[in-house]
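Read-outs throughout are calculated quantities, based only on the coordinates presented, and are distinct from any laboratory measurement. Since the structure is predicted, the reported quantities are computational estimates derived from the model, not experimental observations. All Cβ positions, even for glycine, are placed from backbone atoms using ideal geometry, and neighbour counts span all protein chains on display.
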Amino acid sequence: MSQRNNSQIKLTETEFKTIGYGLVESLATFLEQMPKGKVTSGKTPNEVRALLDGGSFSNESKNSKKVVDDVFNLLSQESLFNGHPKFLGYITSSPAPLGVLSDLLASAMNPNVGAQILSPVATEIEKQTVRWLCEFIGVPTSFGGVLVSGGNMANFTAFLAARNFAAGGNYKKKGISGLAKPLVFYCSKSTHTWIDKAAVLFGHGTESVHWIEADEDNRIRLDLLAEAIEKDKRAGKQPAIAIGTAGDVSTGAIDDLEGLSNICKAHKLWFHVDGAYGAPAAILPELINEFSGLKKADSIAIDPHKWLYAPLEAGCTLVKNPNHLIDTFSSHPEYYNFSHNDDGKETNFFEYGLQNSRGFRALKVWIVLQQVGKEGYKELIRDDIDLAKYLYELAQAHPELEAMSHHLSITTCRYIPVDFDRNNPDGEKVLNALNETLLNALEKEGEVFLSNAVIHGKYCLRACVVNFRTSRKDIEEIIEIVVKRGVEIYKNM
Ligand SMILES: *Cc1c(COP(=O)(O)O)cnc(C)c1O
């Protein structure tokens with residue numbers, strides 16, 4: 001084989017430039033135009049499927065530029081654009097444009113960040129990114145950690161480290177069946193679904209999760225937590241982990257982290273904080289009290305692909321004593337010192353989490369952290385919170401809206417027709433159905449994208465502002481759109 005034919009996959013320098021420049025040009029225009037269009041075309045899965053050429057995987061190669069152009073057209077017309085200024089659904093942020101370019105750079109270099117020998121620079125960049133994330137949320141940089149794909153994985157990774165610690169010496173050999181007492185995990189009823197998934201996947205079962213009531217503001221009831229721990233101890237169980245949430249997904253409420261940490265200390269529990277959404281707000285001096293307990297956590301989950309505006313996917317697990325990660329995920333744990341003084345040892349990230357081969361997801365986080373800086377992030381996050389507050393105030397002042405809650409950058413409210421008979425015994429049922437129909441219509445029509453929350457049994461519209469493109473004008477227009485559609489839907493009910 002003197003001259004290999006690899007022309008099916010290789011691009012010449014000129015082709016790479018032509019296709020690359022063309023794509024960047026299209027994307028630049030797209031980013032400029034996207035905010036002026038709809039959030040989504042609202043097509044059904046069948047309609048979207050029909051847009052893809054239904055044929056099977058082809059035998060022939062296709063022209064590279066044509067493939068990319070066609071796919072760009074499809075995606076730029078039919079996607080749901082979470083970068084749209086009126087996309088305030090779930091917790092999915094606008095990606096930072098520089099993060100988009102960073103992903104291109106990362107995949108061009110394609111380091112395997114599972115082992116330092118395969119990723120000499122990328123591993124150091126990921127380590128620095130982890131330290132900067134610690135600084136960002138105000139915990140000591142002696143915390144260590146690892147980047148993962150998102151919040152669920154960040155929480156799972158921490159959960160496994162905590163479980164390994166709680167289960168003690170024989171766990172790795174004997175597994176769950178070797179436990180002297182069943183482990184119990186505590187969290188409030190507003191904790192994200194990841195904990196249920198973890199309990200099932202990691203062999204403890206859903207009954208190992210002790211759900212504690214939340215108060216009026218959706219914060220865990222510490223009195224009930226302490227009671228539950230005592231009761232489980234008396235019943236011969238081993239209280240193992242307590243989970244606090246810093247920014248719950250429904251309403252943005254932050255648990256009393258100091259209080260939780262005190263209970264954990266008193267009862268020797270691992271204290272985990274799920275800050276997937278809210279932890280970045282710890283950078284704001286005005287929220288110092290809400291987040292003061294964060295540095296007492298044994299582990300923290302944070303999602304750079306949420307409030308730090310990294311493109312999907314980027315989550316991060318931080319652990320106060322990073323040896324717990326190695327102890328859990330390495331088959332040959334060899335403890336070493338995590339101090340700032342570089343001891344010259346390699347960091348092999350495959351020993352810090354579930355993955356073996358790992359991509360360079362740190363790069364987009366690292367680059368955007370540099371671009372924006374601490375003060376820049378303070379301003380962006382503060383503005384998002386102010387916009388959510390503005391939405392709450394407008395809802396409060398509006399005769400046809402009921403403002404329900406506002407914490408961090410999440411506001412909930414519901415539509416109530418002006419002439420609605422509040423004495424109707426079925427009133428709440430009617431309002432729930434009305435607001436659900438309203439939300440579904442809004443999501444399909446694509447002028448604005450919100451999601452829902454159920455607060456004390458009431459179905460609410462929920463807006464989460466993790467969007468640097470959203471303005472006060474968008475918020476004002478969202479109020480108008482919601483009420484206008486609400487009126488129409490109620491008339492036809
Ligand atoms: C978003 C979120 C999760 C899940 O994170 P993913 O990135 O979607 O996997 C878990 N917990 C909280 C509090 C969240 O906000």
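Here Ala106 meets each of (1) over 17 Å from Ala310 (Cβ atoms); (2) in contact (Cβ under 8 Å) with a residue 24 or more places away in the chain with one exception, condition (1).
Restricting the search to the stretch 461-493, which residues are of a type in the set (A, V, I, L, M, F, W, C) and either within 10 Å of Tyr415 (Cα to Cα) or not in a loop (DSSP other than H, G, I, E, B) (or both)?
Let us first name the residues in the stretch 461-493 that are of a type in the set (A, V, I, L, M, F, W, C), namely 461, 463-466, 468, 475, 478-479, 481-483, 487, 489, 493.
Of everything in the stretch 461-493, those that are of a type in the set (A, V, I, L, M, F, W, C) and either within 10 Å of Tyr415 (Cα to Cα) or not in a loop (DSSP other than H, G, I, E, B) (or both) turn out to be Leu461, Ala463, Cys464, Ile475, Ile478, Ile479, Ile481, Val482, Val483, Val487, Ile489.
For beta carbons closer than 8 Å, sequence separation of 6+ or different chains, a first residue in the stretch 246-272 that is within 15 Å of Ile212 (Cβ to Cβ) and touching a residue at least 60 places away in the same chain (Cβ under 8 Å) and a second that is of a type in the set (Phe, Trp, Tyr) and more than 11 Å from the ligand (Cβ to nearest atom), the qualifying pairs are Leu269/Tyr186; His272/Phe159. Please verify whether Lys189 is within 16 Å of the ligand (Cβ to nearest atom) and on the phi < 0 side of the Ramachandran plot, treating the condition exactly as stated. Yes; evaluated as a whole, the condition is true for this residue.
Given the condition in contact with a helix residue (DSSP H, G or I) (Cβ under 8 Å, 6 or more places away or on another chain), in a helix (DSSP H, G or I) and not small (Gly, Ala, Ser), answer yes or no: does some residue in the stretch 293-304 qualify?
Within the stretch 293-304, the first condition is being in contact with a helix residue (DSSP H, G or I) (Cβ under 8 Å, 6 or more places away or on another chain), and the residues that meet it are 293-294, 296-304.
Restricting the remaining residues to those that are in a helix (DSSP H, G or I) gives 293-294, 296.
The next check asks that each one be not small (Gly, Ala, Ser); those that pass are 294, 296.
So far as the stretch 293-304 goes, yes, one or more of its residues are in contact with a helix residue (DSSP H, G or I) (Cβ under 8 Å, 6 or more places away or on another chain), in a helix (DSSP H, G or I) and not small (Gly, Ala, Ser).
Of the helices (runs of 4 or more DSSP H) that lie entirely inside the stretch 192-283, those containing 2 or more residues that are within 16 Å of the ligand (Cβ to nearest atom) and surrounded by fewer than 18 Cβ atoms within 10 Å (Cβ to Cβ) span 194-201. Does Arg4 satisfy being part of a helix (DSSP H, G or I), of a type outside the set (A, V, I, L, M) and over 23 Å from Glu477 (Cα atoms)? For Arg4, the condition - part of a helix (DSSP H, G or I), of a type outside the set (A, V, I, L, M) and over 23 Å from Glu477 (Cα atoms) - is not met.
Just to confirm my filter: which helices (runs of 4 or more DSSP H) fall fully inside the stretch 80-185 and include at least 1 residues that are crowded, with 19+ Cβ neighbours inside 10 Å and touching a Gly at 6+ places or on another chain (Cβ under 6 Å)? Please lay out each step first, then the result.
Working: elements: 97-109, 120-137, 151-167, 171-174.
Correct list: 120-137, 151-167.
Exactly one residue among Phe165, Phe159 is in contact (Cβ under 8 Å) with a residue 24 or more places away in the chain, within 16 Å of the ligand (Cβ to nearest atom), closer than 20 Å to Gly205 by Cα and not polar (S, T, N, Q), and that residue is Phe159.
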